[in-house]
Amino acid sequence: MSSREPSCGVVRALALCYQAFEQYASEHIRTLRLTPAQFDIIATLGNTPGMNFKELGAHTLITKGTLTGVVDRLQRRGLVERKKCDKDARVTYVRLTPAGERTFARVFPPHVQHMRQVFALVPARELETLRAGLDRLRDEFQRGCAKLEEAA
């Protein structure tokens, strides 16, 4: 694939945008005394009754191998707890403790406001166009993965 290929420019722009987003978000999250992965789990579990590990992995940006360690550290801090499923002992649920709920209430609104400062600089119509384009690109990648799995 040539560097003049239009998709190369899109991949580069997407990667650079994600890197800038990650840096901007991470710097703020660290001021809240959390790592980005810890924040991701707390934000995902906030306002929910909890999730099993499979659900939590599907709703966060954390790799499966990292998820257990991050939950372990949050549990040691008293912010999450694990509970075995009554119907299937292989399934473990993770939920915020009362201290975790307080942490969610303390960190989530200011982080949303922090992120809103940048998103507010881009017109809403342009943001919607970007979201729709990214959704379309994601759907095409998912279709491509499905085709690869069928061929295997």
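What follows is calculated from the coordinates using simple rules that are stated; it is not laboratory data. Computed from a predicted structure; not experimentally measured. Every residue, glycine among them, receives a Cβ derived from its backbone with ideal geometry; neighbour counts consider all protein chains shown.
Numbers for the structure displayed
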{"quantity": "Some residue of the range 89-100 being assigned to a helix (DSSP H, G or I), more than 18 Å from the chain's Cα centre (by Cα) and within 22 Å of residue 28 (Cα to Cα)", "calculated": "yes"}
{"quantity": "Hits in the range 83-115 - residues which are closer than 14 Å to residue 48 by Cβ and not small (Gly, Ala, Ser)", "calculated": "83, 93, 94, 95, 96, 97, 101, 104, 108"}
{"quantity": "Test: residue in the range 49-61 that is closer than 27 Å to residue 137 by Cα, small (Gly, Ala, Ser) and in a helix (DSSP H, G or I)", "calculated": "yes"}
{"quantity": "Options 70, 80: the member that is farther than 26 Å from residue 117 by Cβ and touching a strand residue (DSSP E or B) at 6+ places or on another chain (Cβ under 6 Å)", "calculated": "80"}
{"quantity": "Sole exception among (1) closer than 22 Å to residue 19 by Cα; (2) under 17 Å from the mean Cα position of the chain (by Cα) for residue 48, by number", "calculated": "(1)"}
{"quantity": "Answer residue from the range 6-41, given it is among the small types (Gly, Ala, Ser) and touching a residue at least 24 places away in the same chain (Cβ under 8 Å) and is surrounded by the fewest Cβ atoms within 10 Å (Cβ to Cβ) among those", "calculated": "25"}
